[in-house]
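The values are calculated or read from the model by the stated rules, or taken from the named source; none is laboratory data. Please read these numbers as outputs of a predicted model, since none were measured by experiment. As a convention, Cβ positions derive from the backbone with ideal geometry for all residues, glycine included, and neighbour counts pool all protein chains shown. Accessible surface areas use protein heavy atoms only, side chains included; no ligands, DNA or RNA. Shrake-Rupley method; radii C 1.70, N 1.55, O 1.52, S 1.80 Å.
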Amino acid sequence: MGLKHILKAKHWLRTESCSKVMVIYRDLEQINRNLIRPVVTIGNFDGVHRGHQQLFQLLKDRAQALGGQAVVITFDPHPIKIMQPERQLPLLTTTEQKLRLLAALELDVVIVHPFSREFGALPARDFVQHYLVDRLGVLEVIIGHDYRFGRNREGNINLLRQLGAEKGFRVRVVDAIRIDDTVVSSTLIRQLIKAGEVKRAQVFLGRPYEVTGEVIHGYGRGSRLLGYPTANLKVDNELLPATGIYAVRATLAGKTYDAVANIGVCPTFGNQELTLEVHILDFQEDIYGQRLAVEFVARLREERRFNDVAALVAQIERDVAAARQIL
Ligand code: RBF
Ligand code: MG
């Protein structure tokens with residue numbers, strides 16, 4: 001099921017294990033006291049990294065303790081894209097990836113609210129009253145220590161606690177987590193991916209960085225000239241790792257394969273545009289038009305210009321051997 005479809009209205013996304021179904025709402029206005037004793041968190045959760053994962057675990061624990069539902073409110077587009085469009089903020093996850101990750105974590109309800117200038121201008125108090133209290137009937141809010149909300153980012157933990165005392169919900173604040181003495185943040189992970197440090201990024205993400213896309217027609221040199229056919233991707237994500245050659249895992253129609261990927265301009269041939277190409281090991285099928293997910297496991301080397309095709313082919317052979325070792 002494609003996400004455009006998922007996002008149209010209320011929908012259900014099954015978790016990997018199929019034991020549980022997560023309900024997705026497309027708008028806070030769709031909620032009208034229909035949630036069960038909701039324990040709620042609010043945020044962008046770009047990357048659904050290990051800090052977010054820990055917060056979601058607490059959310060689930062509290063929901064279970066209170067006999068209620070674990071509810072995530074998030075936004076699409078990301079508020080920064082609307083409020084500060086001049087700021088470059090390549091996101092780690094598409095909304096579809098975010099929803100799949102949240103479903104895999106077995107959350108009960110996700111509300112993906114469409115963020116607009118109008119919504120961003122809502123006073124923090126009104127957001128709490130109209131949505132959290134009136135529509136959701138929130139029991140408890142769990143929130144990151146630095147979370148800000150409402151007009152001019154005026155809402156913070158203190159205001160939320162104060163409103164909670166007035167209106168009868170509890171507030172729990174979660175601190176950033178540290179791994180290897182480093183505070184886990186989406187910003188840090190973006191920097192690592194940009195630098196090609198996919199292994200380090202994986203430590204903070206809790207899984208390899210993944211991009212998705214559709215297989216489109218490339219130059220056709222891969223199979224004809226080199227004997228290494230590549231699937232060229234029309235990438236959904238805003239952020240690609242640094243140019244270079246990577247050992248990756250490619251998932252196609254639910255099946256995962258070892259593969260090598262090249263991100264770059266193919267200086268040997270001088271392409272006009274940056275491409276992501278994936279050569280799936282021991283695989284010959286025609287997959288044009290299909291969707292592919294690519295997980296970056298390790299960076300093998302820089303992209304280089306070779307003087308002749310034979311030298312490039314010899315190097316690709318070594319890349320494939322290196323990828324087999326790693327994967
Ligand atoms: N092209 C380059 O110009 N320089 C490279 O270093 C390079 N490394 C590659 C490594 C692998 C594992 C693969 C699959 C491709 C690589 N290519 C490289 C891209 C190659 O030129 C491209 O697949 C064909 O031109 C078809 O588009
Ligand atoms: Mg190709």
Hits in segment 275-305 (condition: within 14 Å of ligand 2 (Cβ to nearest atom) and of a type in the set (A, V, I, L, M)): LEU276, VAL278, ILE280, ILE287, LEU292, VAL294
Within segment 231-240, considering residues that are under 18 Å from the mean Cα position of the chain (by Cα) and among the hydrophobic types (A, V, I, L, M, F, W, C), the one nearest to ligand 1 (Cβ to nearest atom): LEU233
Criterion: away from ligand 2 (no atom under 16 Å from the Cβ) and at pLDDT below 95 - qualifying residue of GLY270, GLY254, GLY244: GLY254
Residue match in segment 211-221 (condition: among the aliphatic types (A, V, I, L, M) and without any contact (Cβ under 8 Å) to a residue 60 or more places away in the chain): no
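Residues are listed down the side, and each one gets a yes or a no for (1) within 13 Å of ligand 1 (Cβ to nearest atom); (2) open to solvent by 60 Å² or more (accessible area, probe 1.4 Å); (3) part of a loop (DSSP other than H, G, I, E, B); (4) of a type in the set (A, V, I, L, M):
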| site | (1), (2), (3), (4) |
| --- | --- |
| GLN272 | yes, yes, yes, no |
| VAL278 | yes, no, no, yes |
| GLN284 | no, yes, yes, no |
| GLU295 | no, no, no, no |
| ALA298 | yes, no, no, yes |
| GLU303 | yes, no, yes, no |
Of all residues in segment 229-239 being touching a helix residue (DSSP H, G or I) at 6+ places or on another chain (Cβ under 8 Å) and open to solvent by 40 Å² or more (accessible area, probe 1.4 Å), the one that is farthest from ligand 2 (Cβ to nearest atom): ASP236
Single unsatisfied condition, ASP146 versus (1) away from ligand 1 (no atom under 16 Å from the Cβ); (2) touching a residue at least 40 places away in the same chain (Cβ under 8 Å); (3) in a loop (DSSP other than H, G, I, E, B): (2)
Members of segment 241-270 that are assigned to a loop (DSSP other than H, G, I, E, B) and either near ligand 1 (Cβ under 10 Å from one of its atoms) or open to solvent by 40 Å² or more (accessible area, probe 1.4 Å) (or both): THR243, ALA253, GLY254, VAL265, CYS266, PRO267, THR268, PHE269, GLY270
Boolean, ALA323 is crowded, with 16+ Cβ neighbours inside 10 Å and either modelled with pLDDT of 95 or more or under 25 Å from the mean Cα position of the chain (by Cα) (or both): yes
Any hit, segment 61-77, residues being farther than 27 Å from ALA165 by Cβ, in a helix (DSSP H, G or I), without any contact (Cβ under 8 Å) to a residue 40 or more places away in the chain and open to solvent by 30 Å² or more (accessible area, probe 1.4 Å): no
Residues of segment 126-146 classified as touching a helix residue (DSSP H, G or I) at 6+ places or on another chain (Cβ under 9 Å) and either over 20 Å from ARG33 (Cβ atoms) or small (Gly, Ala, Ser) (or both), total: 5
Tally, over segment 200-230, of residues that are within 16 Å of ligand 1 (Cβ to nearest atom), out of contact with any Ser or Thr (no Cβ under 7 Å at 6 or more places or on another chain) and assigned to a loop (DSSP other than H, G, I, E, B): 6
Scan of segment 149-167 for residues that are open to solvent by 80 Å² or more (accessible area, probe 1.4 Å) and either assigned to a strand (DSSP E or B) or in contact with a helix residue (DSSP H, G or I) (Cβ under 8 Å, 6 or more places away or on another chain) (or both), ordered by number: ARG151
Residue check for ILE189: more than 16 Å from ligand 1 (Cβ to nearest atom), surrounded by 15 or more Cβ atoms within 10 Å (Cβ to Cβ), touching a residue at least 24 places away in the same chain (Cβ under 8 Å) and not in a helix (DSSP H, G or I): no
